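Undergrad: Have a look at the structure that comes next, please.
The values are calculated or read from the model by the stated rules, or taken from the named source; none is laboratory data. Predicted, not measured: the structure shown is a model, and the values here were computed from it. Ideal geometry is used to build each Cβ from the backbone, glycine not excepted, and the neighbour counts take in all protein chains shown.
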Ligand code: FES
């Protein structure tokens, strides 16, 4: 207990918490993507996957609870750090310039907030299914994720918000990956460039993977199979 | 050359400061930035105005006393100290903003002079070796691998100027603390107090109100001593390890 209190009470401890929870969440983002891409293998495959997840409610809720914990810790701790960081520069510069600041770094907080609002909508939309009446009587029954996703993304507003949120998520990750390694102290001078470039490449691969689904729906490559 | 200066003027720590416009005239391109301010001050004094107060000492790039954030960059547009910055880096007629190093932990004393003793207090919290080590050892009586010696030397180059804090969007002092921690952690003499050192220095750093590194690397870009951000990586590794040993074991 003493350890946790001292750790979380310190600047470096908080940074570690943000990095570790970020790492867990990235793992989830990749796992979720692999699940999503099954939609291209046809309705049977992805619907069976959905049915399987729901057939093991115990483990599913353990994982969900852990993810929610990480998500909340990631956000709350970041806010704590951001507040302290603002306070540390009591008086702003009249002329502000930077040598290193890139868009991805500047938008870590803003992008994070866009992603947060998206996650809330996304859970209401596809997990709790409270935003769309049609999701209660899908053509192939309760676990017809295939039809649900396609019906959902046929609405350009839904698809648009999704793509925007994924864009911000990828921006967030493009700085996040190497940031995590730096904070956990595993980054050395030697691996810094490859880690930075590799992290950015992974972030934008994630973007392409996620966005492929709504784009395929909007261009009618994916349609509801009755 | 002639320059339009926008200089931060502030009577003391309590008073509100503001940017005041000055024209600096007939500045030789070979003058250093501080010499340019000397010339400005002579012109101000000739007119009976208060000269601009700024920090300086060696003017050789060694001591780290000179500060100034010039057009938003700590120590201005070259990766040196301000005393080693020459006016040829600027264009004739250019507008230059000159502000003090900004951080809550660096209160303004007057005009461009700030109080950086927060860094001294962090240093005093553990940035040294307690034992008297006597005079220099015979060569090779304590063996230090070349790699470790290089790393210690690289970190020891820190002149405690505070540019890392001034340039960091979060006013974090982690490059400074990382340099001190890495310096001693790389050498055999630093080992006995290694854990206590990092715990105490980080605690002091947090108490002094510095911000938290969010990996922007502005500090590394402006550091006149070329301290690499890998020292922050070392700090990030050493701190939790020391805390585990201190509170669990
Ligand atoms: S005055 Fe000593 S380093 Fe600039």
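Undergrad: Hey, could you check region B:36-60 for residues that are within 13 Å of the ligand (Cβ to nearest atom) and in contact (Cβ under 8 Å) with a residue 12 or more places away in the chain and say which is farthest from residue B:224 (Cα to Cα)?
TA: B:37
Undergrad: Read through the list (1) at pLDDT below 95; (2) closer than 18 Å to residue A:13 by Cα, then give the number of the only condition that residue B:188 fails.
TA: Going through (1) at pLDDT below 95; (2) closer than 18 Å to residue A:13 by Cα one by one, residue B:188 breaks only (2).
Undergrad: Closer than 25 Å to residue B:227 by Cα, without any contact (Cβ under 8 Å) to a residue 60 or more places away in the chain and not in a helix (DSSP H, G or I), is that true of residue B:30?
TA: no
Undergrad: Okay, next question. Could you pull out the residue among B:126, B:76 that is touching a helix residue (DSSP H, G or I) at 6+ places or on another chain (Cβ under 9 Å) and under 27 Å from residue B:10 (Cβ atoms)?
TA: So the residue among B:126, B:76 that is touching a helix residue (DSSP H, G or I) at 6+ places or on another chain (Cβ under 9 Å) and under 27 Å from residue B:10 (Cβ atoms) is B:76.
Undergrad: Another question, then. Would you please name the residue that is farthest from residue B:184 (Cα to Cα), looking only at residues in region B:108-122 that are in contact (Cβ under 8 Å) with a residue 60 or more places away in the chain and touching a helix residue (DSSP H, G or I) at 6+ places or on another chain (Cβ under 8 Å)?
TA: Per the criteria, the residue is B:121.
Undergrad: Looking at region B:81-106 only, could you name the residues that are farther than 17 Å from residue B:169 by Cα and either more than 15 Å from the ligand (Cβ to nearest atom) or within 14 Å of another protein chain (Cβ to nearest Cβ) (or both)?
TA: Matches in region B:81-106: B:87, B:88, B:89, B:90, B:91, B:92, B:93, B:94, B:95, B:96, B:97, B:98.
Undergrad: Something else: Collect the residues in region B:206-221 that are within 7 Å of chain A (Cβ to nearest Cβ), in contact (Cβ under 8 Å) with a residue 40 or more places away in the chain and not in a loop (DSSP other than H, G, I, E, B), keeping them in residue-number order.
TA: B:211, B:218, B:221
Undergrad: Going by the conditions given, is residue A:185 on the phi > 0 side of the Ramachandran plot, assigned to a loop (DSSP other than H, G, I, E, B) and buried (at least 18 other Cβ atoms within 10 Å of the Cβ)?
TA: Against the criterion (on the phi > 0 side of the Ramachandran plot, assigned to a loop (DSSP other than H, G, I, E, B) and buried (at least 18 other Cβ atoms within 10 Å of the Cβ)), residue A:185 qualifies.
Undergrad: A further question follows. Give the residues of region A:86-113 that are within 7 Å of another protein chain (Cβ to nearest Cβ), surrounded by fewer than 17 Cβ atoms within 10 Å (Cβ to Cβ) and not in a loop (DSSP other than H, G, I, E, B), sorted by residue number.
TA: A:87
Undergrad: Same structure, new question: Would you mention how many residues in region B:129-167 are within 16 Å of the ligand (Cβ to nearest atom), out of contact with any helix residue (DSSP H, G or I) (no Cβ under 6 Å at 6 or more places or on another chain) and more than 14 Å from chain A (Cβ to nearest Cβ)?
TA: Here the count works out to 3.
Undergrad: Regarding region B:147-157, can at least one residue be identified that is outside any helix (DSSP H, G or I) and surrounded by fewer than 20 Cβ atoms within 10 Å (Cβ to Cβ)?
TA: Yes, region B:147-157 contains at least one residue that is outside any helix (DSSP H, G or I) and surrounded by fewer than 20 Cβ atoms within 10 Å (Cβ to Cβ).
Undergrad: So, of the residues in region B:74-98 that are part of a helix (DSSP H, G or I) and touching a residue at least 60 places away in the same chain (Cβ under 8 Å), which turns out to be surrounded by the most Cβ atoms within 10 Å (Cβ to Cβ)?
TA: B:87
Undergrad: Within region B:1-27, which residues are outside any loop (DSSP other than H, G, I, E, B) and under 17 Å from residue B:90 (Cα atoms)?
TA: Answer for region B:1-27, where residues must be outside any loop (DSSP other than H, G, I, E, B) and under 17 Å from residue B:90 (Cα atoms): B:3, B:4, B:5, B:6, B:7, B:22, B:23, B:24.
Undergrad: Among (1) away from every other protein chain (no Cβ under 14 Å); (2) part of a helix (DSSP H, G or I); (3) within 29 Å of residue A:217 (Cα to Cα), which single condition is residue A:197 missing?
TA: So residue A:197 meets the others, but not (3).
Undergrad: Moving on to the next point. Within region A:114-141, which residues are part of a helix (DSSP H, G or I) and touching a helix residue (DSSP H, G or I) at 6+ places or on another chain (Cβ under 6 Å)?
TA: Within region A:114-141, A:114, A:115, A:118, A:134, A:135 meet the criteria.
Undergrad: Report the residue count in region B:61-73 for those that are at negative phi, part of a loop (DSSP other than H, G, I, E, B) and more than 6 Å from the ligand (Cβ to nearest atom).
TA: Within region B:61-73, residues that are at negative phi, part of a loop (DSSP other than H, G, I, E, B) and more than 6 Å from the ligand (Cβ to nearest atom) number 1.
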